[in-house]
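Chemist: The structure's right below; bear with me while I get my questions together.
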Amino acid sequence: MTPNLQAIVDEIVAAMAAETERGAPARYIPGLAALSTDRFGMAVVTADGATAMGGDAEMPFSIQSISKVFALTMALGKIGDQLWRRVGREPSGNAFNSIVQLEAEHGIPRNPFINAGAIVVADVNLSGHMPRESIGELLRFVRFLADDETIVVDEAIARGEAETGYRNIALANYMRAFGNIHHSVELVLGCYFHQCAIAMSCLQLAMAGRFLMLDGMQPGAGRVISPRRARRINALMLTCGHYDASGDFAFRIGMPGKSGVGGGILAVVPGKASIAVWSPGLNASGNSQLGTLALERLAEATGWSIF
Ligand code: DON
C-alpha cells in the first residue's frame with residue numbers, strides 16, 4: 001500500500017470541503033434532484049487489501065450508470081463475445097442519453113455504457129426471465145463482488161425514473177424497431193431502471209471493483225472473469241465510461257472509470273487500486289464535479305495512472 005494513502009485521502013476530503021464549484025445534482029430523476037452538493041465521499045481499496053476512506057464514504061447513493069459495468073460483466077458471462085453483434089465498442093462522442101447515432105447505425109448502440117447500449121445489455125440479461133429474477137441475479141452478483149449482503153435497490157428512485165424515463169422508453173422502442181431488443185420494452189426497462197437504482201456506498205463500490213483491478217480475480221473468492229475480459233472491460237471504461245467527456249477524463253486522470261448521474265465514479269488502477277468517489281453535484285457532461293477533481297488529485301498524489 002502507498003504508505004501515506006489515508007493521509008492523502010484525508011487531504012483530498014478536506015480540499016473538497018473547501019471547493020466552491022460543486023456542480024448541480026441531476027434534475028431529471030426525482031429523488032436525485034434534492035441531494036445536497038455538500039456531500040463528498042471517497043474510498044480506496046488497494047491490491048494488497050488495504051482500505052483508506054474519508055468523508056461520506058459509507059453513505060449509500062444511487063449508483064445509476066455505474067451499474068452498467070456490473071450488468072455488462074453479467075451479460076458477457078451469459079453470451080460472451082456474441083454481445084458485440086448487438087453493441088459496439090466505440091466512444092459515442094455524444095451525451096449518455098443521445099438517440100442520434102442509432103438511426104444511421106441500424107439500432108446498434110456505440111457501446112455498452114451509453115443508455116442505449118445498457119438497455120441492450122439489460123435485454124440480454126433478462127434472457128427470457130421476469131425483471132424481478134434478472135435484477136435479483138444482478139443484485140446477488142454485486143453483493144458477492146462487494147462482499148456485502150446489505151446492498152439493495154432504492155425502489156423510490158426506480159419508480160421515479162420509470163415515471164419520467166421518456167428518453168429511455170424512446171431509445172428502447174427505437175432499437176426494438178430494428179430488432180435489437182428482443183423482450184418487451186416494459187420488461188427491459190423494468191430491469192434497466194432497477195439496476196440504475198441500486199444504492200451503494202463508496203466503500204461498497206470500491207470493494208465491488210476489485211476484480212477489475214486484479215485481472216478478474218476476486219480476493220477470497222477466486223476467479224470472476226478471465227484476465228482478458230477484465231482488461232477489455234477496463235478498456236471500455238477508459239474509452240467510454242464518461243460519455244462525451246471520456247477523453248477529458250483519460251487526459252486528466254488516466255484511469256479506467258465509470259460515472260453515474262447519482263454523482264458516483266468507480267475508477268480502477270489495474271494491479272494497484274479500486275477507487276470510488278461520490279458527490280452529487282455534476283459538471284456539464286453529467287459527471288461528478290468534485291468526484292472528478294478528487295480523482296485528479298489522487299492520481300497526482302500517488303502517481304497512479306495506466307500511462
Ligand atoms: O438512464 C438514465 O438516464 C439514468 N438511469 C442513468 C444515467 C447515468 O447515470 C448517466 N451517467 N452519467
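The values are calculated or read from the model by the stated rules, or taken from the named source; none is laboratory data. From a predicted model like this one, the values you see are computed outputs, not experimental measurements. Cβ atoms come from the backbone with ideal geometry, glycine included; neighbour counts cover every protein chain shown.
Chemist: State all residues of region 161-180 that are buried (at least 17 other Cβ atoms within 10 Å of the Cβ) and either in a helix (DSSP H, G or I) or within 16 Å of the ligand (Cβ to nearest atom) (or both); if no residue qualifies, say none.
Modeler: Answer for region 161-180, where residues must be buried (at least 17 other Cβ atoms within 10 Å of the Cβ) and either in a helix (DSSP H, G or I) or within 16 Å of the ligand (Cβ to nearest atom) (or both): E161, A162, G165, N168, L171, A172, Y174, M175, R176.
Chemist: Of these, L290, L236, which one is over 27 Å from V87 (Cα atoms) and either within 15 Å of the ligand (Cβ to nearest atom) or hydroxyl-bearing (S, T, Y) (or both)? So that I can check it myself, show each step before the final result.
Modeler: Values: L236 fails: over 27 Å from V87 (Cα atoms).
Testing whether each residue is over 27 Å from V87 (Cα atoms) and either within 15 Å of the ligand (Cβ to nearest atom) or hydroxyl-bearing (S, T, Y) (or both) leaves just L290.
Chemist: Next question. In this structure, does V269 turn out to be touching a strand residue (DSSP E or B) at 6+ places or on another chain (Cβ under 8 Å), of a type in the set (V, I, T), away from the ligand (no atom under 13 Å from the Cβ) and free of Cβ contacts under 8 Å to residues at least 60 places away in the same chain?
Modeler: On the way: touching a strand residue (DSSP E or B) at 6+ places or on another chain (Cβ under 8 Å): yes; of a type in the set (V, I, T): yes; away from the ligand (no atom under 13 Å from the Cβ): yes; free of Cβ contacts under 8 Å to residues at least 60 places away in the same chain: yes.
The answer is yes for V269.
Chemist: Considering only region 201-221, state which residues are modelled with pLDDT of 95 or more and out of contact with any helix residue (DSSP H, G or I) (no Cβ under 7 Å at 6 or more places or on another chain).
Modeler: Passing the criteria: S201, C202, L203, A206, G209, R210, M213, L214.
Chemist: Determine if region 181-197 includes at least one residue that is outside any helix (DSSP H, G or I), in the same structural domain as A158 (by TED's automatic domain parsing) and without any contact (Cβ under 8 Å) to a residue 40 or more places away in the chain.
Modeler: yes
Chemist: Let me ask something else about it. Having 1 or more residues that are over 12 Å from the mean Cα position of the chain (by Cα) is the bar; report the strands (runs of 3 or more DSSP E) wholly within region 200-296 that clear it.
Modeler: 264-269, 273-278
Chemist: Within region 246-266, track down each residue that is closer than 12 Å to V44 by Cβ and free of Cβ contacts under 8 Å to residues at least 24 places away in the same chain.
Modeler: We begin by selecting, within region 246-266, every residue closer than 12 Å to V44 by Cβ; these are 255, 266.
None; the set is empty.
Chemist: In addition: Scan region 121-141 and tell me whether some residue there is within 12 Å of the ligand (Cβ to nearest atom), touching a helix residue (DSSP H, G or I) at 6+ places or on another chain (Cβ under 7 Å) and either among the small types (G, A, S) or assigned to a strand (DSSP E or B) (or both).
Modeler: yes
Chemist: Within region 94-102, is there a residue that is at pLDDT 95 or above and out of contact with any helix residue (DSSP H, G or I) (no Cβ under 9 Å at 6 or more places or on another chain)?
Modeler: no
Chemist: Could you say which residue among A146, A116, A156 is in contact (Cβ under 8 Å) with a residue 12 or more places away in the chain, hydrophobic (A, V, I, L, M, F, W, C) and in contact with a Gly (Cβ under 6 Å, 6 or more places away or on another chain)? Show your work before the answer.
Modeler: Details: A146 fails: in contact with a Gly (Cβ under 6 Å, 6 or more places away or on another chain); A116 fails: in contact with a Gly (Cβ under 6 Å, 6 or more places away or on another chain).
One residue alone meets the criteria, A156.
Chemist: Name, by its number, the condition in (1) surrounded by 14 or more Cβ atoms within 10 Å (Cβ to Cβ); (2) in the same structural domain as L293 (by TED's automatic domain parsing) that does not hold for S98.
Modeler: Unmet for S98, out of (1) surrounded by 14 or more Cβ atoms within 10 Å (Cβ to Cβ); (2) in the same structural domain as L293 (by TED's automatic domain parsing): (2).
Chemist: Filter region 87-120 down to residues that are part of a loop (DSSP other than H, G, I, E, B) and among the hydrophobic types (A, V, I, L, M, F, W, C), then give me how many there are.
Modeler: Selection size over region 87-120: 7.
Chemist: Report whether or not M74 is of a type outside the set (S, T, Y), within 21 Å of the chain's Cα centre (by Cα) and either in the same structural domain as I265 (by TED's automatic domain parsing) or part of a loop (DSSP other than H, G, I, E, B) (or both).
Modeler: Against the criterion (of a type outside the set (S, T, Y), within 21 Å of the chain's Cα centre (by Cα) and either in the same structural domain as I265 (by TED's automatic domain parsing) or part of a loop (DSSP other than H, G, I, E, B) (or both)), M74 does not qualify.
Chemist: Restricting the search to region 18-63, which residues are more than 16 Å from the ligand (Cβ to nearest atom), assigned to a loop (DSSP other than H, G, I, E, B) and closer than 24 Å to A208 by Cα?
Modeler: R39, F40, A47, D48, G49, A50, D56, A57, E58, M59, listed by residue number.
Chemist: Further, regarding this structure: Considering only residues that are at pLDDT below 95 and not polar (S, T, N, Q), look in region 269-298 and name the one that is farthest from A57 (Cα to Cα).
Modeler: Among those that are at pLDDT below 95 and not polar (S, T, N, Q), it is A284.
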